[in-house]
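Participant: Dropping the structure in here first, questions after.
The values are calculated or read from the model by the stated rules, or taken from the named source; none is laboratory data. Fair warning: this is a prediction, and the values are worked out from it, not measured in the lab. When we count neighbours, we look across all protein chains shown, and the Cβ atoms used for this are built from the backbone with ideal geometry, even at glycine. Areas reflect the complete protein model, heavy atoms only, side chains present, ligands, DNA and RNA absent. Shrake-Rupley method; radii C 1.70, N 1.55, O 1.52, S 1.80 Å.
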Amino acid sequence: MTETPETATIKKISQETPSIRSFRLDFPMQAKPGQFAMLWLPGIDEKPFTLTAEGKECAVTVQEKGKFTKALFKLKEGDKIGIRGPYGNGFSTSRVKKACIVAGGCGAAPILLLAEELQKQGIKTAIINGARTEKECLFAERLRKTTHDLYITTDDGSLEEQGFVTAPLQRLLEKEKFDCVFGCGPEAMLKKVFELCEKYKVPCQLNLERYMRCATGICGSCVLGKWLVCKDGPVFNSKQLRETEEFGSKALLKCGKDVPIKEFAEWRQQ
Ligand SMILES: Cc1cc2nc3c(=O)[nH]c(=O)nc-3n(C[C@H](O)[C@H](O)[C@H](O)COP(=O)(O)OP(=O)(O)OC[C@H]3O[C@@H](n4cnc5c(N)ncnc54)[C@H](O)[C@@H]3O)c2cc1C
């Protein structure tokens with residue numbers, strides 16, 4: 001665990017989709033699937049990103065959105081960046097013998113390490129990966145290497161099934177019994193996944209996002225009901241989600257204003 005920012009060298013930058021890049025860092029970090037690090041660009045900001053590789057070198061996979069990620073996308077291999085972590089609880093695979101993973105958009109990033117971990121443990125896993133288009137479908141081939149059971153949905157039908165991840169998920173829950181459904185992606189999607197899991201009485205663990213500053217449980221920016229996403233999350237289980245009315249409905253902006261979850265997701269720093 002690195003509590004104060006340390007300097008890492010960007011070793012390799014990979015263009016994963018037109019809007020998403022992976023940054024492999026020459027910096028050792030041990031992490032569980034779903035844990036995140038805080039990346040620091042001096043003079044710009046410090047932001048949370050889930051680790052998509054861990055060990056002797058670590059990596060993050062980033063979607064270009066606003067000020068920080070645009071600045072990150074201007075960096076080249078060999079450039080330096082600040083990093084601290086890992087933070088958060090991560091996904092729990094204990095007592096899971098049969099799993100289903102649901103990922104949407106850049107949500108496939110936090111899911112990759114989990115899929116590889118479940119494969120390592122020999123746990124039978126079905127994966128549903130949703131994207132807007134074929135071009136924006138993240139890690140399809142890397143996920144295909146971890147399971148024989150990969151379902152891809154695209155909003156425009158440009159790759160495999162046209163539609164949302166909830167359609168193949170409902171079909172799977174109808175005919176198979178899973179010990180856990182793991183999910184990451186837009187919160188509106190995760191809310192639907194949660195509702196389906198409740199309907200079919202299947203436990204789930206969902207990776208949530210709230211505005212983070214300290215990542216150490218002090219500042220309270222990432223509050224979600226009685227939880228702090230940085231400390232108690234970012235992965236929450238069915239019981240926690242059932243008792244959290246903010247899940248799928250509202251979140252705090254950087255300024256602390258409580259807004260509908262759609263507005264939080266679409267907010268951009270000016
Ligand atoms: C635990 C966690 C893990 C994450 N993992 C990834 C990942 O693996 N890949 C990825 O592309 N993105 C990830 N994110 C989201 C990422 O932190 C934001 O996209 C990034 O901070 C945007 O900054 P920006 O300046 O480019 O855009 P801005 O214009 O500042 O914001 C764009 C969007 O990002 C959200 N955001 C901005 N700052 C923060 C912040 N400090 N904390 C949380 N959300 C913020 C805003 O609500 C807004 O919806 C994660 C967020 C959290 C909380």
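Participant: Please pick out the residue among 66, 104 that is closer than 20 Å to residue 210 by Cα and assigned by TED's automatic domain parsing to the domain that holds residue 178.
Facilitator: None of the others qualify; the one that does is 104.
Participant: Further, regarding this structure: When you check residue 33 against the structure, is it at pLDDT 95 or above, open to solvent by 10 Å² or more (accessible area, probe 1.4 Å) and out of contact with any Leu (no Cβ under 9 Å at 6 or more places or on another chain), yes or no?
Facilitator: No: the conditions fail for residue 33.
Participant: If I go through segment 58-82 residue by residue, how many of them are away from the ligand (no atom under 12 Å from the Cβ) and more than 18 Å from residue 14 (Cβ to Cβ)?
Facilitator: 2
Participant: Criterion first (more than 15 Å from residue 25 (Cβ to Cβ) and either within 13 Å of the ligand (Cβ to nearest atom) or touching an Asp or Glu at 6+ places or on another chain (Cβ under 8 Å) (or both)) does residue 105 satisfy it?
Facilitator: Taking the combined requirement at face value, the residue satisfies it.
Participant: Hey, another quick one. What is the number of the single condition among (1) more than 29 Å from residue 268 (Cβ to Cβ); (2) touching a Leu at 6+ places or on another chain (Cβ under 6 Å) that residue 172 does not meet?
Facilitator: (2)
Participant: Could you list all residues from segment 238-253 that are under 20 Å from residue 92 (Cβ atoms), touching a residue at least 40 places away in the same chain (Cβ under 8 Å) and open to solvent by 30 Å² or more (accessible area, probe 1.4 Å)?
Facilitator: Once the filter is applied, which keeps residues that are under 20 Å from residue 92 (Cβ atoms), touching a residue at least 40 places away in the same chain (Cβ under 8 Å) and open to solvent by 30 Å² or more (accessible area, probe 1.4 Å), segment 238-253 yields only 242.
Participant: Could I ask something else about it? Looking only at residues in segment 197-234 that are more than 13 Å from the ligand (Cβ to nearest atom) and open to solvent by less than 20 Å² (accessible area, probe 1.4 Å), which one is nearest to residue 177 (Cα to Cα)?
Facilitator: 202
Participant: Here's something else I'd like to know. Hey, can you tell me all the residues within segment 24-57 that are within 10 Å of the ligand (Cβ to nearest atom), assigned to a strand (DSSP E or B) and either over 20 Å from residue 229 (Cβ atoms) or hydroxyl-bearing (Ser, Thr, Tyr) (or both)?
Facilitator: 41, 50, 52
Participant: Please work out which residue is least open to solvent (accessible area, probe 1.4 Å), limiting yourself to segment 254-268 and to residues that are more than 6 Å from the ligand (Cβ to nearest atom) and over 18 Å from the mean Cα position of the chain (by Cα).
Facilitator: The selected residue is 259.
Participant: Can I ask one more? Is segment 97-111 home to any residue that is part of a loop (DSSP other than H, G, I, E, B) and open to solvent by 10 Å² or more (accessible area, probe 1.4 Å)?
Facilitator: yes
Participant: Do you know which residues across segment 139-175 are open to solvent by 40 Å² or more (accessible area, probe 1.4 Å) and charged (D, E, K, R)?
Facilitator: Correct list: 141, 142, 144, 145, 155, 156, 160, 161, 171, 174, 175.
Participant: Separate question: Out of everything in segment 1-23 that is modelled with pLDDT of 95 or more and assigned to a loop (DSSP other than H, G, I, E, B), what residue ends up being farthest from residue 183 (Cα to Cα)?
Facilitator: 18
Participant: List the number of the failed condition for residue 22; all other conditions in (1) surrounded by fewer than 19 Cβ atoms within 10 Å (Cβ to Cβ); (2) touching a helix residue (DSSP H, G or I) at 6+ places or on another chain (Cβ under 9 Å); (3) of a type in the set (Ser, Thr, Tyr) hold.
Facilitator: For residue 22, the exception is condition (1).
Participant: Evaluate the following for residue 51: is it aliphatic (A, V, I, L, M) and more than 20 Å from residue 210 (Cα to Cα)?
Facilitator: no
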